[in-house]
Amino acid sequence: MRKLALSLALIAGLAFAATTVKAQEAPQAPDPNAAVMNFEKDTINYGTIAHNSDGYRYFKFVNTGKEPLIIKEAHGSCGCTIPTWPKEPIQPGQSSEIKVHYATDRVGGFIKTVTVTSNANPSSKVLYIKGNVLPDPTPAPGTTPAAGTPTPAVTAPVK
């Protein structure tokens with residue numbers, strides 16, 4: 001009985017090893033005719049910008065491949081970074097852009113990503129935005145400009 005259990009374990013182990021080796025075969029070569037997204041730049045620096053200023057920027061690119069480029073999805077690394085991409089195919093040699101909106105109501109430095117998925121080679125591209133949003137120069141009523149904390153109420157002493 002022990003030999004049978006050992007034999008079954010050995011056979012199962014060999015079968016597992018064979019499937020692992022098969023899964024590690026060489027990856028397929030990329031399609032030489034695939035679309036290719038060639039970006040002017042993959043990082044946009046907003047610099048130092050005012051609170052609630054224009055948060056739109058544009059990543060310009062050209063399809064330098066041989067097939068039409070189809071962008072399947074573009075998503076920001078958080079809800080404050082919202083990309084908009086062309087839904088129609090971009091023909092070889094044609095230019096287009098991905099519009100990115102950053103919510104400039106968030107004060108402070110930021111570095112965010114936009115991941116673009118397409119039929120291009122490579123199929124995924126990460127773009128970056130960075131910058132610094134200054135505090136609002138006119139704080140909300142009841143706050144102090146320097147600390148941004150509510151002003152304590154002043155009460156008369158009780159006699």
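Here, each number is a calculation from the coordinates, and none is a lab measurement. Quick caveat, the model's predicted, so the values are computed rather than measured. Cβ sites come from the backbone with ideal geometry, for glycine too, and all protein chains shown count toward neighbours.
Provide the FRET efficiency to the nearest 0.05 for the residue 42-residue 106 pair, computing r from the beta carbons and using R0 = 22 Å.
Between residue 42 and residue 106 the formula returns 0.45.
Just how far, in whole angstrom, is the range 41-58 from the range 95-143 if you go by their alpha carbon centroids?
What the calculation gives is 7 Å, centre to centre.
Which aspartates and glutamates, on any chain, are close to residue 87 with Cα under 15 Å apart, when same-chain ones fewer than 8 places away are left out?
Correct list for residue 87: 73, 97.
Give me the mean projected area, in nm² to one decimal, of the convex hull enclosing the Cα positions of the range 37-133.
So the mean shadow area of the Cα hull is 5.5 nm².
Simple spin-label model, 7 Å along Cα-to-Cβ: residue 115 to residue 132 in nm?
3.0 nm
R0 = 25 Å: FRET efficiency of residue 73 with residue 53, Cβ-based, nearest 0.05?
0.35
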